[in-house]
Amino acid sequence: MWRYYENGPKDHRLHRDEFDGHIARSDGDMAWLDRPQPADGYGISAFFGSIDTILWRRKTYDFAMSKGGVDPYGLDVKHYIFSHGAPVGAKPDVEFITEPAGDFAHRLRACPGKDIWVTGGAGLIASLLDAGVIDEFIIHVIPVFIGEGIPLIGPRHRLVRRTLLSSRRSSDGVVRLHYRVRPPTPPGR
């Protein structure tokens with residue numbers, strides 16, 4: 001697994017994705033993820049032990065709150081939600097961020113700590129990719145097609161090259177792909 005960069009924690013993205021690149025149906029439904037899992041839960045417990053910060057987009061955070069909250073992610077995890085403002089009755093262990101995601105992430109990475117998990121949404125991931133602060137992607141590809149839905153990364157004109165660090169197939173056909181994001185190639189190379 002990964003730990004720290006010299007200048008602070010790494011930002012990465014762990015997600016479950018289906019074969020045609022969607023993380024949910026257009027209405028946010030993720031019922032297609034309700035399936036038996038192997039005993040190791042795809043390694044999620046070890047992953048949670050490697051992070052101390054989660055970055056959320058407001059819509060993803062609101063969805064998590066509607067399903068029981070963010071407490072299952074651990075008591076020692078700091079939650080930052082990118083939004084235009086905090087909702088009435090916001091939890092005290094959650095901080096709402098109104099500044100550009102890239103600027104905030106650059107400052108956060110300079111602080112000591114464990115790794116950072118970017119959990120959604122597609123626009124937040126796109127902004128952080130454009131700011132050059134996502135180091136790794138860990139994607140669990142679920143063997144199902146849903147045909148349409150919310151993409152993993154918000155569409156923009158970009159080319160993100162990755163280097164495969166590892167792959168692992170689970171007994172149920174789910175494939176875990178772990179990539180390092182390569183720095184952009186200068187024009188003409």
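The values are calculated or read from the model by the stated rules, or taken from the named source; none is laboratory data. On a predicted model such as this, the values are computed, not experimentally measured, just so you know. A quick note on method: Cβ atoms are made from the backbone with ideal geometry, for glycine too, and the neighbour counts reach across all protein chains shown.
List of remarks:
- Here is the figure for region 130-146: residues that are assigned to a loop (DSSP other than H, G, I, E, B), surrounded by 15 or more Cβ atoms within 10 Å (Cβ to Cβ) and touching a Gly at 6+ places or on another chain (Cβ under 9 Å) total 2.
- Condition check for T163: touching a residue at least 12 places away in the same chain (Cβ under 8 Å), exposed (fewer than 12 other Cβ atoms within 10 Å of the Cβ), polar (S, T, N, Q) and not in a helix (DSSP H, G or I): yes
- So I116, is it buried (at least 16 other Cβ atoms within 10 Å of the Cβ), in a loop (DSSP other than H, G, I, E, B) and within 12 Å of the chain's Cα centre (by Cα): no
- Boolean, D52 is charged (D, E, K, R), closer than 27 Å to V175 by Cα and outside any loop (DSSP other than H, G, I, E, B): yes
- Residue in region 64-84 that is of a type in the set (D, E), loosely packed, with under 15 Cβ neighbours inside 10 Å and at pLDDT 80 or above present: yes
- Out of I146, I153, I142, one residue alone is in contact (Cβ under 8 Å) with a residue 12 or more places away in the chain and under 14 Å from the mean Cα position of the chain (by Cα). It is I153.
- Applying the criterion of being among the hydrophobic types (A, V, I, L, M, F, W, C) and out of contact with any strand residue (DSSP E or B) (no Cβ under 6 Å at 6 or more places or on another chain) to the residues of region 129-144, the residue that is farthest from G21 (Cα to Cα) is A131.
- Residue within region 30-50 that is more than 20 Å from P151 (Cα to Cα), touching a residue at least 12 places away in the same chain (Cβ under 8 Å) and basic (K, R) present: yes
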